[in-house]
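Undergrad: First the structure, then my questions, so here it is.
The values are calculated or read from the model by the stated rules, or taken from the named source; none is laboratory data. None of the values given here were measured: they were computed from a predicted structure. Note: ideal-geometry Cβ built from the backbone for every residue, glycine included; neighbour counts use all protein chains shown. Quick note on the areas: whole protein, heavy atoms, side chains included, nothing else; ligands and nucleic acids left out. Shrake-Rupley method; radii C 1.70, N 1.55, O 1.52, S 1.80 Å.
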Amino acid sequence: MARTSHPPRDGVVVLLVGVFALTAELVAFAVPSSVRPHVGMVAAGVVALGSLAWWAVVLHRRRTAEHDRLRTVDDRGGAWFSPRFLEGFPEAELTRAGRLTGVDAARVEEAWVLARHGYGVAWLTSRLGVSPETAEVLVRSARQHSPTTDG
C-alpha cells in the first residue's frame, strides 16, 4: 500500500538515529580522555531518548490507523454479506408479502444470517427490530438451509 503525505518511513528514522549514534561516538573519541565518559553517556542518552520517541511515534501511528480502520464505514453499496452468506435468502417471499418496503435491507440480511445460525423469532425481533412476520419467514427459510460454518 502506498503512503502519501506521511512522516518519513520507519527505516529512515532508524538510519538517522544510527548515524547520530555513530557521529556521537566519533565526537566522544575526539574529545580529551578526561571528559570522554561524560560525552559518551550524553550521546547514549540522546540516542536512547531518540529511540523512545521513535517508538512512541510508531505506536501512535499504529493505534491511529487501527482506530481509523475500525471507524471506516463499509461503502460497498450495501453489500455487507457475501453471496455465500445470503444463499437461500427468501427475497421473493418477503417482497411478495411487502415485508421489504420501508425497512433497512442490511438489517434484514443480518437477521437472515443470524437465523441461519439458529437464532429464533423472539431474538431477532427483540435485538434487531425486524417485524415478527419477517422474522418468522427468515427463521422458517433458514431451517430449510444448513447453517454456514465460517464467521
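Undergrad: Considering only residues that are outside any helix (DSSP H, G or I) and modelled with pLDDT of 85 or more, look in the range 98-128 and name the one that is farthest from Ser82 (Cα to Cα).
TA: Going through the qualifying residues, I end up with Gly120.
Undergrad: Could you list, in sequence order, all residues of the range 89-107 that are within 16 Å of His145 (Cβ to Cβ), open to solvent by less than 70 Å² (accessible area, probe 1.4 Å) and without any contact (Cβ under 8 Å) to a residue 40 or more places away in the chain?
TA: Correct list: Ala92 only.
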